[in-house]
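Let me begin by presenting the structure, written as structure tokens, before commenting on it.
The values are calculated or read from the model by the stated rules, or taken from the named source; none is laboratory data. Remember, predicted model here, so these are calculated numbers, not experimental data. Note that we place each Cβ from the backbone using ideal geometry, even for glycine, and neighbour counts take in every protein chain shown.
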Amino acid sequence: MTSSREIQPLPQDNDAIRKALEDAHLPSLLPALAQITGDHSLLRDDLFPESVVLADPQGGLSPEKQAEARDLAVTTLAAWRDAGSVVAPPPSLEQVRGMMDYLIGEHVSDEYLPLLLEELAFADTDPRAPEWSKNGINAERSMRVVIIGAGMSGILAAHRFKQAGIDYTVIEKNADVGGTWFENTYPGARVDSSNHAYSYSFAQKFDWPYHHSPQEVLLDYFSECATEFGIRDNIRFNTEVLTVTYDDARAFWEVRVRGADGGEETIEAEAVVSAVGQLNRPKMPDVAGGGAFEGPSFHSAEWDHSIDFAGKTVGIIGTGSSASQFIPHLADEAEGVRIFQRTPNWYAPAPNYHEEVAEGFLWLLKHVPTYAQWYRFWLFWAISDGFLPMVEVDDNWQPGDGVTGEGNRQLRELLEGSMRKQLESRPDLIEKTLPDFPPASKRIVVDNGTWPNTLLKEHVHLTTEPIERITPRGILTEDGEEHELDVLVYGTGFQASKFLTPMKVVGRGGVDMHEQWGGDARAYLGITMPNFPNFFFLYGPNTNIVVNGSIVYFSECEVQYVLECLKFLLESGQQAIDCRTDVHDAYNERIDAGNLKRAWGVSSVPSWYKSASGRVAQNWPFTLLEYWQQTKRMDPADYVLL
Ligand code: NAP
């Protein structure tokens, strides 16, 4: 990654610059030019973008204005190069604010500014890095932390602990880092949020090959991060955590692990960080006859790459984000494809979903300092809190309504229009695939037309008849038809609400974590819970986001909070902090009320956002700003000090 962040010199050839500019993202280019030249008059009023929406990346600039912006950019870049390519001194806060205002088309409020400055994270800066070290505060004190999982959030926690000089060990059940990007190798797996924003703020990658890169590119990124951060030596691979038990008398955790050789041992730690993810343990469908099928069968997260699908009929249960990515590939290979859909999905159009990053744009990211940061910043804003009104529930909403409010109605119109248009030749498929429930009741699937085009193929059959049972030869549906299959693939998702399954976690006074939850996981800030002192969750209960932001952002906030907690322990001399029950309960009441004002909270549609009781155990209902504010500092008054 370091190499991909090295800016290359601009060539003498102005035509090369002009050619690259044809592919430029202009709203983020002009702030970059202002920054490197120090000439903020480049942010001309007449070139002000009108909007920040993914569907219109050039911000509503007319073709004439775009041409003017490109001319301005060529002249500016050539002059900057000829003057020695010297980057101007860092802009003042007011100047940065002016650039942000230009880029997002509105005045950045005082509330958002500090958060945005952190997210912008110019090259070689890391505003979220701890400014303290463990030994600087208390060299004598033992502070060992076990991190469970070496996926996106575990790598991040390890990196931050290393920066703070905290003794950490990562336990990873897989043979390498990457978590979900290590395990999900099914054909077509790719990130469905914008890739330039799906990266650590402090380790931005300039040269993503796609706007939504495939799994292997994401895995490489996280693997390179682990290497670059120098944390690999502290990771124990092929090792699984079995139990985590708090020792009340000595105030530390005993983490029982089983290594690759089957041998078990206990690791002691003053704190434990769970970084196991929400979408980790495959869920098999609760239909009769599970296991009866005599042909090959597997879950999407455990893809069997040995199977040649040519000449075979493949059945797929499920049509969520995973299945919508791999079914088009199966349709290319197999002779017959039978899709079993229980509930339809809303599909969001993303025209660049499979597109490579245009050559000229990639070239500019590599040649123009700060351009990559400004582009990431633009994306961050485009997929940020502005989306929340689209999922809001009006007071007069009634169960059964197809939309939850005005914003949701607009979203529905957009999605429905696009779905109807793509399937206009097949009214039967429109009937089967168009949901009657409000958009965002469950995860909206991202697509660029590949899904309807797959459904339109002659050898692809979409069955909406409920499954009665799985048989030795295939699937029997309730209408009495037995669908004969050669291979059966489960695209049935994950046990998302069963956090930390199948680990046994026992806290103060022998309290079992899963028993305390009673099937309905809750935590304070999604990070701590009563009776489990110094035990921290990353991507824990109610920290998943639906329409605003990325989970990388959330993980960065969560790790920031955990660091604050550890710092407090070191400074105060307290052995442990245990979340107060009243604080935890009041917080969760607010979360529950917040989720009931969101489409996913009021809809009765099945989704992994909910626990078995029907409560939304996964999602964060508020703004990105609010989560940042709440996790920026730890308030000792929220905890019982032990
Ligand atoms: P999912 O969204 O939970 O989808 C599971 C599918 O299986 C649904 O269609 C579900 O139907 C169906 N299903 C489950 N049990 C069934 C049963 N007994 N009978 C019939 N159908 C059944 O799982 P997923 O597709 O693996 O995606 C999980 C999440 O992972 C996504 O929402 C997303 O957040 C993430 N993901 C992200 C990406 C990406 O960024 N690239 C890609 C893949 C996944 P119902 O709807 O009726 O329950």
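Just a yes or no: is a residue in the stretch 331-343 within 24 Å of Thr528 (Cβ to Cβ) and free of Cβ contacts under 8 Å to residues at least 40 places away in the same chain?
Taking the stretch 331-343 first, the residues within 24 Å of Thr528 (Cβ to Cβ) are none.
Taking every residue of the stretch 331-343 in turn, none turns out to be within 24 Å of Thr528 (Cβ to Cβ) and free of Cβ contacts under 8 Å to residues at least 40 places away in the same chain.
Hey, Ala350 hits all of (1) buried (at least 23 other Cβ atoms within 10 Å of the Cβ); (2) among the hydrophobic types (A, V, I, L, M, F, W, C); (3) closer than 21 Å to Pro214 by Cβ but one; which does it fall short on?
Every condition holds for Ala350 apart from (1).
Would you mind telling me which numbered condition in (1) outside any helix (DSSP H, G or I); (2) surrounded by fewer than 21 Cβ atoms within 10 Å (Cβ to Cβ); (3) at pLDDT 95 or above Ser193 fails?
(3)
In the set Ser425, Ser418, Ser441, which member is in a loop (DSSP other than H, G, I, E, B), surrounded by fewer than 19 Cβ atoms within 10 Å (Cβ to Cβ) and among the hydroxyl-bearing types (Ser, Thr, Tyr)? Break it down stepwise before answering.
Numbers: Ser418 fails: in a loop (DSSP other than H, G, I, E, B); Ser441 fails: surrounded by fewer than 19 Cβ atoms within 10 Å (Cβ to Cβ).
Sole residue among the options that is in a loop (DSSP other than H, G, I, E, B), surrounded by fewer than 19 Cβ atoms within 10 Å (Cβ to Cβ) and among the hydroxyl-bearing types (Ser, Thr, Tyr): Ser425.
Within the stretch 302-333, take every residue that is outside any strand (DSSP E or B) and of a type in the set (A, V, I, L, M, F, W, C) and give me the one that is nearest to the ligand (Cβ to nearest atom).
The initial filter retains those residues of the stretch 302-333 that are outside any strand (DSSP E or B), namely 302-309, 311-312, 318-333.
Okay, now just the ones that are also of a type in the set (A, V, I, L, M, F, W, C), so 303, 307, 309, 323, 326-327, 330-331.
Working: Trp303: 12, Ile307: 19, Phe309: 19, Ala323: 5, Phe326: 9, Ile327: 11, Leu330: 14, Ala331: 17 Å.
Taking the candidates together, the pick is Ala323.
A quick yes/no check of all residues on (1) farther than 20 Å from His159 by Cα; (2) touching a helix residue (DSSP H, G or I) at 6+ places or on another chain (Cβ under 9 Å); (3) in a loop (DSSP other than H, G, I, E, B):
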{"site": "Ala203", "(1), (2), (3)": "no, yes, yes"}
{"site": "Cys225", "(1), (2), (3)": "no, yes, no"}
{"site": "Val244", "(1), (2), (3)": "yes, yes, no"}
{"site": "Trp253", "(1), (2), (3)": "yes, no, no"}
{"site": "Arg256", "(1), (2), (3)": "yes, no, no"}
{"site": "Gly262", "(1), (2), (3)": "yes, no, yes"}
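Just one of the numbered conditions (1) under 20 Å from Lys173 (Cβ atoms); (2) at pLDDT below 95 is not true of His299; which one?
Going through the list (1) under 20 Å from Lys173 (Cβ atoms); (2) at pLDDT below 95, His299 breaks only (2).
Yes or no, residue by residue, for (1) at pLDDT 95 or above; (2) assigned to a helix (DSSP H, G or I); (3) away from the ligand (no atom under 16 Å from the Cβ):
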{"residue": "Leu569", "(1), (2), (3)": "yes, yes, yes"}
{"residue": "Glu589", "(1), (2), (3)": "yes, yes, yes"}
{"residue": "Trp600", "(1), (2), (3)": "yes, yes, no"}
{"residue": "Ser607", "(1), (2), (3)": "no, no, no"}
{"residue": "Trp628", "(1), (2), (3)": "yes, yes, yes"}
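Just checking, which of Asp207, Asp220 is of a type in the set (D, E, K, R) and without any contact (Cβ under 8 Å) to a residue 60 or more places away in the chain?
Details: Asp207 fails: without any contact (Cβ under 8 Å) to a residue 60 or more places away in the chain.
Every option except Asp220 fails the conditions.
Taking Pro91 and the conditions (1) surrounded by 15 or more Cβ atoms within 10 Å (Cβ to Cβ); (2) closer than 30 Å to Phe222 by Cβ, which numbered condition does it fall short on, given that it satisfies the others?
Result: Pro91 fails condition (2) only.
Among (1) surrounded by fewer than 24 Cβ atoms within 10 Å (Cβ to Cβ); (2) in contact with a Gly (Cβ under 6 Å, 6 or more places away or on another chain); (3) not hydroxyl-bearing (Ser, Thr, Tyr), there is one condition Gly540 misses while meeting the rest; what is its number?
Of the numbered conditions (1) surrounded by fewer than 24 Cβ atoms within 10 Å (Cβ to Cβ); (2) in contact with a Gly (Cβ under 6 Å, 6 or more places away or on another chain); (3) not hydroxyl-bearing (Ser, Thr, Tyr), the odd one out for Gly540 is (1).
Which of the helices (runs of 4 or more DSSP H) found entirely inside the stretch 29-138 contain at least 2 residues meeting this: of a type in the set (A, V, I, L, M, F, W, C)? Write out each step before concluding.
Working: elements: 63-82, 93-104, 113-120, 134-138.
Counting at least 2 such residues, we get 63-82, 93-104, 113-120.
Looking only at the stretch 338-380, filter to residues that are among the aliphatic types (A, V, I, L, M) and assigned to a helix (DSSP H, G or I); which one of those is farthest from the ligand (Cβ to nearest atom)? Steps first, answer last, please.
Here is the first cut: in the stretch 338-380, the residues among the aliphatic types (A, V, I, L, M) are 339, 348, 350, 357-358, 362, 364-365, 368, 372, 379.
Applying the additional criterion that residues be assigned to a helix (DSSP H, G or I) yields 362, 364-365, 372, 379.
Numbers: Leu362: 22, Leu364: 26, Leu365: 22, Ala372: 21, Leu379: 15 Å.
Result: Leu364.
Which residue, of Pro452, Pro472, Pro502, is at pLDDT 95 or above and either among the basic types (Lys, Arg) or in a loop (DSSP other than H, G, I, E, B) (or both)?
Numbers: Pro452 fails: either among the basic types (Lys, Arg) or in a loop (DSSP other than H, G, I, E, B) (or both); Pro502 fails: at pLDDT 95 or above.
Within the list Pro452, Pro472, Pro502, the selection yields Pro472.
Could you tell me which numbered condition Val583 fails, if it satisfies all but one of (1) aliphatic (A, V, I, L, M); (2) part of a helix (DSSP H, G or I); (3) more than 22 Å from Ala203 (Cβ to Cβ); (4) within 16 Å of the ligand (Cβ to nearest atom)?
(4)
Residues of the stretch 262-297 being closer than 30 Å to Ala617 by Cβ, touching a strand residue (DSSP E or B) at 6+ places or on another chain (Cβ under 7 Å), more than 13 Å from the ligand (Cβ to nearest atom) and not hydroxyl-bearing (Ser, Thr, Tyr), which ones?
Ile267, Ala269, Glu270, Ala271, Val272, Val273, Ala275, Val276
How many of the residues in the stretch 207-226 are surrounded by fewer than 21 Cβ atoms within 10 Å (Cβ to Cβ) and either farther than 21 Å from Asn280 by Cα or modelled with pLDDT under 95 (or both)?
Adding up the residues that qualify gives 4.
Collect the residues in the stretch 178-195 that are out of contact with any Phe, Trp or Tyr (no Cβ under 6 Å at 6 or more places or on another chain) and within 6 Å of the ligand (Cβ to nearest atom), keeping them in residue-number order.
Passing the criteria: Arg190, Asp192.
Could you check Ala496 against (1) surrounded by 20 or more Cβ atoms within 10 Å (Cβ to Cβ); (2) more than 12 Å from the ligand (Cβ to nearest atom); (3) of a type in the set (A, V, I, L, M, F, W, C) and say which number it fails?
(2)
Quick check, is Phe387 within 16 Å of the ligand (Cβ to nearest atom), within 25 Å of Gly105 (Cβ to Cβ) and touching a residue at least 12 places away in the same chain (Cβ under 8 Å)? Before you say what the answer is, go through the steps one by one.
Numbers: within 16 Å of the ligand (Cβ to nearest atom): yes; within 25 Å of Gly105 (Cβ to Cβ): yes; touching a residue at least 12 places away in the same chain (Cβ under 8 Å): yes.
Taking the combined requirement at face value, the residue satisfies it.
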